[in-house]
Structures are given as C-alpha cells and as structure tokens.
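Please read the structure below before turning to the comments.
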Amino acid sequence: MRMKTFLACLLVLSVSVAVSNAACYFQPFKPVNPGDEIKGCYDSEGELHEFGSEWKTANCLECSCFRDGISCCSTYSTPVGYDEEKCVSIFNKETCTYEVVEKNDHSKTCPVYGMVG
C-alpha cells in the first residue's frame, strides 16, 4: 500500500512540475570605430543603460548590461502538452504569461502538462 501511495504521489509531482529553461541570448559590443569608448548598453529602443544595470523590455525580456555586451532572457514559459485541437494559448503582454483556453469558449481553461522556454 505504501509503495502505491508513493508511486501515485511521484506521478502527480512529475506531471505538475513545469520544465523551465529560460531562453537567453548574449549580444557582444561591436564598436562602430575601433577605439571608441563604450559608455553603456543601448537597448533595441535606443535607450542607454549604465553598466551593471538591469531592465525589463516591452517584449517580456529581462536584460542586463555588462562591459562586454548585453544579456537578455525571456521571463515567460510557453505551454506545451495541451489539446491543440480543442485549445489555444493566448499570450498576455502585460503580465508576460500564457493562458490556455478552449478555442470556442475563452472563459474555459484547458489543462497544460508542461512548459518550456
């Protein structure tokens, strides 16, 4: 009986744990002219960030400014392992999260069995 209970708990735990390995990239600096002084990091919007600073972009990336470049990682995970015929994933850019709902009734959520990214 104990073994069955243990295995049942293990199964529930393995299904409920979301796999998350944030998608990241690093963009090294490329001075326009050799010898130019680099004063910080310019983001995709052209805003200058000081070395050692961190910021969140409108596209749900968390970025950091280093002396040799910019590092950015996604702050969200993408749902996988749901019924794609019956359900659709909708991204909320304000909360940087996905919600998986029925295609015909967005008020009804669908079960999701994994997350990646």
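So here's what we get for this one:
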item	result
Output for segment 1-58, where each listed residue is hydrophobic (A, V, I, L, M, F, W, C), farther than 30 Å from Thr97 by Cβ and modelled with pLDDT of 85 or more	Phe51
Per-region count, segment 92-117, residues aliphatic (A, V, I, L, M) and at pLDDT below 95	2
Total residues in segment 57-81, condition farther than 15 Å from Ala23 by Cβ, out of contact with any Pro (no Cβ under 9 Å at 6 or more places or on another chain) and open to solvent by 70 Å² or more (accessible area, probe 1.4 Å)	3
Among residues of segment 82-116, those that are on the phi > 0 side of the Ramachandran plot and loosely packed, with under 15 Cβ neighbours inside 10 Å, counted	0
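The values are calculated or read from the model by the stated rules, or taken from the named source; none is laboratory data. A quick note: this is a predicted structure, and the numbers were derived from the prediction, not measured. Heads up, the Cβs are rebuilt from the backbone with ideal geometry, glycines too, and the neighbour counts pull from every protein chain shown. Heavy atoms of the whole protein, side chains included, go into the accessibility calculation; ligands, DNA and RNA do not. Shrake-Rupley method; radii C 1.70, N 1.55, O 1.52, S 1.80 Å.
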